[in-house]
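Only one structure is covered here, and it is reproduced in the block below.
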Amino acid sequence: MPCLRLPDDAGAAFKPEHFSHIDQARQPVGFFEIHAENYMGAGGPPHARLGRLSEDYALSVHGVALSLGGPGPLDTEHLGRLKALCDRYQPESVSEHLAWSRHGSTYLNDLLPLPYNATTLARVVGHVSHLQEALGRTVLLENPSTYVRMAHSDMHETDFLAEVARQSGCGLLLDLNNVQVCAANHGFDPYQYLARFPLHAVAQVHLAGHALSVDDHGHTLVLDSHDRPVTDSGWALYETLIERHGPLPTLVEWDASIPAWPCLLREVRQAQAILARYRRRNP
Amino acid sequence: MCTPIYDRFAEALLAPAGHYPGDLFKGNESQLRHGFAAYRNNVIGSLIQALASRFPVTHTLVGEAFFQAMAAQFIHVSAPQSPMLADYGDGLAAFVAGFEPAASVPYLADVVRLETARSQAYHAADAPPLAAAALAAVPAQQLLGLRLTLHPAARVVRSAWPILTLWEMNTGARPWAELDHWRGEHVLVARPHLNVVCHRLGEGQAMFLHALGAHLTLSQACEQAQREHPGFNLEGAMVCALQAGVFLSFS
């Protein structure tokens, strides 16, 4: 299967509120990423903006609703919409999540956790293969952020992802913020998670910020909020990854409390500075 | 074997607060309860947010607390059946019309209909609207027998309330003013190019466009409009409609 790639550069989540700024002059970003579901309408301003964007920049299409980790077969109607979007814009990368979001016909609009065991592994491999066959290309699967641990899990998440990649041939999207969120919520060391992660399959990295929630009983939970800058510990984890692996396409994600474009661009440049430190001099 | 896990997880997410399928999880229970509550908040909260961004004026008219409670009840009876959240809430107007606590805001359901039409127009397929020149080329004797296809973005919303004036005042498009006469407004929503535009229509015009949308011929639609509204002027209505970019093609 063809395996297009994003440049080993930092990119930004594309937000419509930044369009006029971005459209004025070429921005020093390696690519833009969009959420697939926001561009599945028939026409109108979203497609006009995306059309302009895809003329000038490499594009990553990031799906959030295919429910690859769910029990039922894939929603073929939705798969058709994703295929139409990819056929129209020919993105350099297509990615989705290791999560589920559909119950029967009800769409739950969240990335929900699944147990990791032989049954779910076979199912996810089947779904990813179905997706790749439908699109005629490889896709990337993203490690999730989770707030609970499932009782029926008997595999480590990194082993589960490694097996999905091996059996389906998909690549992986390593979301370091999700690693930080899970590490804090489930009490493990993010560096040990990174050490176990099948880095050979990673084709993209996500960076984002997270929020702390404290309940009435004083229990803390780290939420995958994408509403603030990457933390210092997030940058340190990223540098460790890039030092170990070498440069990778890297996205700075924001989905709420969207900052002005120059603020987002500053984080993109911070990632680019780290990538530049580990770029081989004679590629 | 695994399916009941997903069923029970999803059912507990959508059930009233307090349901907690603890045996699905492992670890410290109070920590897990917090984690599960986060999923519940995400599901309901993100759907309320999706409705609030699709229906901003409705949200403004009733305020945050009322909108949240109303949206939560709508989600409870009408959870999304597709990941296409840009379409989620097409049934909200009908729900609001029967929503007892909103009875004191009798125009609310029609404002929801207007916002539904605007959002549908925003995402509708792109197409160049039919130019007046194309119709000018049709021989006069054939003109009245034409059936016009409406542009994919065109919608007519008829109301007994001044919905467009309310919409304009609540978006800053028109200064606030006391409404002396609460006269009904019929609204044509169009998006000939990139911007969604609303136009006020006379009753006859609204009926005429509605009839054309139902694939009646020009003469049939005109007769229908004139029967109810003797002052209806076909030529004026066609000029307005063509200028607004309401038509796609004719046959």
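Please verify whether B:Ala52 is surrounded by 15 or more Cβ atoms within 10 Å (Cβ to Cβ), within 14 Å of chain A (Cβ to nearest Cβ), free of Cβ contacts under 8 Å to residues at least 24 places away in the same chain and in contact with a His (Cβ under 9 Å, 6 or more places away or on another chain), treating the condition exactly as stated. Criteria met by B:Ala52.
Residues that are surrounded by fewer than 12 Cβ atoms within 10 Å (Cβ to Cβ) and within 14 Å of chain A (Cβ to nearest Cβ) do not occur anywhere in region B:149-156.
If you check A:Ala208 against the conditions, is it farther than 11 Å from A:Asn177 by Cα and more than 14 Å from chain B (Cβ to nearest Cβ)? Judged against the criteria, A:Ala208 is not a match.
For region B:105-122, the count of residues that are surrounded by 21 or more Cβ atoms within 10 Å (Cβ to Cβ), touching a Cys at 6+ places or on another chain (Cβ under 8 Å), of a type in the set (A, V, I, L, M) and not assigned by TED's automatic domain parsing to the domain that holds B:Ala10 is at least one.
Search region B:14-41 for residues that are touching a residue at least 40 places away in the same chain (Cβ under 8 Å) and pair each with any residue that is crowded, with 16+ Cβ neighbours inside 10 Å when their beta-carbon atoms are under 7 Å apart and the residues are at least 6 apart or on different chains. Taking only residues 6 or more apart or on different chains, the pairs are B:Leu14/B:Ala79. For region A:224-254, the tally of residues that are more than 15 Å from A:Asp8 (Cα to Cα), touching a residue at least 60 places away in the same chain (Cβ under 8 Å) and among the aliphatic types (A, V, I, L, M) stands at 1.
Residue-wise test of (1) touching a residue at least 60 places away in the same chain (Cβ under 8 Å); (2) outside any loop (DSSP other than H, G, I, E, B); (3) closer than 24 Å to A:Tyr238 by Cβ; (4) within 14 Å of chain B (Cβ to nearest Cβ).
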| position | (1), (2), (3), (4) |
| --- | --- |
| A:Pro7 | yes, no, yes, no |
| A:His18 | yes, yes, yes, no |
| A:Ala48 | no, yes, no, yes |
| A:Gly51 | no, yes, no, yes |
| A:Glu55 | no, yes, no, no |
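Within the set B:Arg200, B:Arg158, B:Arg191, the sole residue that is more than 16 Å from the chain's Cα centre (by Cα), closer than 29 Å to A:Pro45 by Cα and in contact (Cβ under 8 Å) with a residue 24 or more places away in the chain turns out to be B:Arg200. A Cβ distance below 6 Å, combined with a sequence gap of six or more or placement on separate chains, defines the contacts here; from region B:207-230, residues that are farther than 18 Å from B:Val187 by Cβ reach residues that are of a type in the set (D, E, K, R) in the pairs B:His215/B:Arg147; B:Thr217/B:Arg147. Can you say whether A:Val64 is in a loop (DSSP other than H, G, I, E, B) and touching a strand residue (DSSP E or B) at 6+ places or on another chain (Cβ under 6 Å), as far as the supplied structure shows? So A:Val64 passes the test.
Among the residues of region B:90-102, those that are under 20 Å from B:Arg118 (Cα atoms) and either at pLDDT below 95 or not acidic (Asp, Glu) (or both) comprise B:Gly91, B:Leu92, B:Ala93, B:Ala94, B:Phe95, B:Val96, B:Ala97. Annotation: of all residues in region B:27-36 being at the interface with chain A (Cβ under 7 Å from one of its Cβ atoms) and in a helix (DSSP H, G or I), the one that is farthest from A:Ala211 (Cα to Cα) is B:Ser30. Say we look at region A:137-155 and pick out the residues that are more than 14 Å from every other protein chain (Cβ to nearest Cβ) and not acidic (Asp, Glu); which of these is nearest to A:Trp254 (Cα to Cα)? Among those that are more than 14 Å from every other protein chain (Cβ to nearest Cβ) and not acidic (Asp, Glu), it is A:Asn143.
Just to be sure before I move on: is B:Asp87 within 12 Å of the chain's Cα centre (by Cα), closer than 28 Å to A:His47 by Cβ and either at pLDDT 95 or above or within 14 Å of chain A (Cβ to nearest Cβ) (or both) in the structure I sent? Yes: the conditions hold for B:Asp87. For B:Ser82, state whether it is facing chain A (nearest Cβ under 9 Å) and either surrounded by fewer than 15 Cβ atoms within 10 Å (Cβ to Cβ) or free of Cβ contacts under 8 Å to residues at least 24 places away in the same chain (or both). For B:Ser82, the condition - facing chain A (nearest Cβ under 9 Å) and either surrounded by fewer than 15 Cβ atoms within 10 Å (Cβ to Cβ) or free of Cβ contacts under 8 Å to residues at least 24 places away in the same chain (or both) - is met. In region B:136-148, the residue that is nearest to the other protein chains (Cβ to nearest Cβ) out of those that are in contact with a Phe, Trp or Tyr (Cβ under 7 Å, 6 or more places away or on another chain) and surrounded by fewer than 21 Cβ atoms within 10 Å (Cβ to Cβ) is B:Arg147. Of the residues making up region A:20-46, those that are without any contact (Cβ under 8 Å) to a residue 12 or more places away in the chain and assigned to a helix (DSSP H, G or I) number 3. Among the residues of region B:127-143, is there at least one that is touching a helix residue (DSSP H, G or I) at 6+ places or on another chain (Cβ under 9 Å) and either of a type in the set (Ser, Thr, Tyr) or under 23 Å from A:Leu108 (Cα atoms) (or both)? Among the residues of region B:127-143, not one is touching a helix residue (DSSP H, G or I) at 6+ places or on another chain (Cβ under 9 Å) and either of a type in the set (Ser, Thr, Tyr) or under 23 Å from A:Leu108 (Cα atoms) (or both), which makes the answer no.
Applying the condition of being acidic (Asp, Glu) and under 24 Å from A:Asp224 (Cα atoms) to region A:73-121 and asking which residue is nearest to the other protein chains (Cβ to nearest Cβ) yields A:Asp110.
When you look at B:Gly45, is it outside any helix (DSSP H, G or I) and either of a type in the set (Gly, Ala, Ser) or assigned by TED's automatic domain parsing to the domain that holds B:Phe99 (or both), yes or no? The answer is no for B:Gly45.
The C-beta contact set for region A:181-204 (first residue under 18 Å from A:Ile242 (Cα atoms), second residue part of a helix (DSSP H, G or I) and hydroxyl-bearing (Ser, Thr, Tyr), distance under 7 angstrom, 6+ apart or interchain) comprises A:Tyr191/A:Thr240; A:Tyr193/A:Thr158; A:Leu194/A:Thr240; A:Arg196/A:Thr158; A:Phe197/A:Thr158; A:Pro198/A:Thr158.
The values are calculated or read from the model by the stated rules, or taken from the named source; none is laboratory data. Predicted model only: the values in this text are computed from it and were never measured. Because the Cβ atoms are built from the backbone with ideal geometry, glycine has one as well, and the counts that use them run over all protein chains shown.
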